[in-house]
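Undergrad: Right, I'll just put the structure down here and ask away after.
The values are calculated or read from the model by the stated rules, or taken from the named source; none is laboratory data. Every value quoted in this text rests on a predicted model; they were computed, and no experiment measured them. Neighbour counts run over all protein chains shown; Cβ positions are idealised from the backbone, glycine included. The accessibility values were calculated without ligands, DNA or RNA, using every heavy atom of the protein model including side chains. Shrake-Rupley method; radii C 1.70, N 1.55, O 1.52, S 1.80 Å.
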Amino acid sequence: TSRAFQPAPTGHGRVAVVTELADEGFSAAARTGLEAAKQALASVGVEVVDVSVPAVRYAVPTYYLIATAEAASNLSRYDGSLYGARVGRSEEGQEAVSTRTRGELFGPEVKRRVLMGTFALSAGYRDAYYGRAVAARARLAAQLRDSLAGVDALMTPTATGTAYRLGEKTKDPVSMYVGDVATCLANLGGLPAISVPAGAADDALPVGVQLMGRPGSDDGLLDLAESLVAALRA
């Protein structure tokens, strides 16, 4: 059953655009999609305002430091001994079996993240990398919560541009990671989020906008997204 958006008591029908994610670094198509979403929300009576979240600049390195460190820690059990598949024979020795197992069964991106995460957690570097990333996450989460005070949701483009070709960025993973600058915010802040289509680029590839709400506001966020989609189609 279709539901009309009902603003949260503290929001009064307001959506805030994160200014750090509304211009530089985003394609013309992504910015056009964001503008279309702003106009669509205004057309259904939702006030659109701007908000600054300065710690956004640290989001990608923070996310990937934490994600790779935790991946390395969690995947350390898959050594061909107790968990997962096993490659090799026992008489080869556990070190050789572990090396073959992880070498043959982990893909290139998993290996990259395990190596990065292991370094971030290694002796002498844990506080300098993982510890600082955890502190940066707390700072960013606090700023996101503060930015949500008095509004129903934060809005950003979903991605920096349209989808890139398969394999296009495998030789430059950092440029691929940067594309997560908006979507990693919800993970870092513990917020519900949803992406909705917001038009297409000249090559017909779609672009979207992301809505993020306060913790526990999932139902209201779905209502808002439904209203936005309907308004964009009108």
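Undergrad: Quick check for you: with a 1.4 Å probe and neighbouring chains kept, what is the accessible area per residue of the chain, in Å²?
TA: Numbers: 12720 Å² over 234 residues.
I get 54 Å² per residue for this part.
Undergrad: Tilt of helix 218-233 relative to the longest C-alpha principal axis of the chain, in degrees (0 to 90, nearest 10)?
TA: Roughly 60 degrees between the two axes.
Undergrad: Rounded to the nearest angstrom and ordered from largest down, what semi-axes does the equivalent ellipsoid of the stretch 56-175 get from its C-alpha gyration tensor (root of 5λ)? Can you show the working numbers first?
TA: Working: eigenvalues 248, 75, 31 Å².
Over the Cα atoms of the stretch 56-175, the ellipsoid semi-axes are 35, 19, 13 Å.
Undergrad: Charges on Cβ only, +1 for Lys and Arg, -1 for Asp and Glu, centred on the Cα centroid of the chain; of 131, 210, 93, which one is farthest towards the dipole's positive end?
TA: Highest projection toward the positive end goes to 93.
Undergrad: Turning to a different aspect of this structure: With θ set to phi - 60° and the Karplus curve 6.51 cos²θ - 1.76 cosθ + 1.60, what are the ³J(HN,Hα) couplings of the stretch 195-203 in order, to the nearest whole Hz, using x for Gly and Pro?
TA: 10, 10, x, 9, x, 8, 7, 4, 8
Undergrad: Turning to a different aspect of this structure: Could you please state how large a percent of the accessible area of the chain is carbon and sulfur, counting protein chains only and using a 1.4 Å probe? Working shown, then result.
TA: Numbers: 6820 of 12720 Å².
Here it works out to 54 percent.
Undergrad: How large is the Kirkwood hydrodynamic radius of the stretch 34-73, in angstrom, based on all distinct alpha carbon pairs?
TA: Details: mean 1/r = 0.0766 Å⁻¹.
This gives a value of 13.1 Å.
Undergrad: Follow-up. Write down the radius of gyration of the stretch 25-102 and its Dmax, each obtained from C-alpha positions, in Å.
TA: Cα only, the stretch 25-102: 24.1, 71 Å (Rg, Dmax).
Undergrad: Using only Cα atoms and rounding to the nearest 10 degrees, what angle (0 to 90) does helix 108-121 make with the longest principal axis of the chain?
TA: So the helix axis and the longest Cα principal axis differ by about 80 degrees.
Undergrad: Determine the gain in length on full extension of the stretch residue 172-residue 94; use 0.36 nm per residue of separation and subtract their C-alpha separation, reporting nm with one decimal. Please report the intermediate quantities before stating the final value.
TA: On the way: separation 78, 0.36 × 78 = 28.08 nm, distance 3.39 nm.
Gain on extension, residue 172 to residue 94, equals 24.7 nm.
Undergrad: So for the chain, considering every pair of alpha-carbon atoms, how many percent are separated by more than 32 Å? Can you show the working numbers first?
TA: Numbers: 8940 of 27261 pairs.
Value for the chain: 33 percent of Cα pairs lie more than 32 Å apart.
Undergrad: Under a point-charge model restricted to the Cβ atoms of Lys and Arg (+1) and Asp and Glu (-1), what is the dipole moment magnitude of the stretch 163-224 relative to its Cα centre, in debye to the nearest 20? Could the numbers behind the result be given before it?
TA: Numbers: 4 positive and 8 negative charges, 43 e Å.
So the dipole magnitude of the stretch 163-224 works out to roughly 200 debye.
Undergrad: Residue 111: which lysines have alpha carbons under 16 Å from its alpha carbon, excluding same-chain residues fewer than 8 sequence positions away?
TA: Partners found: 171.
Undergrad: How large is the dipole of the stretch 21-115 about the Cα centre if only Lys and Arg carry +1 and Asp and Glu carry -1, each at its Cβ, rounded to the nearest 20 debye? Working shown, then result.
TA: Details: 11 positive and 12 negative charges, 63 e Å.
Charge dipole of the stretch 21-115: 300 debye, to the nearest 20.
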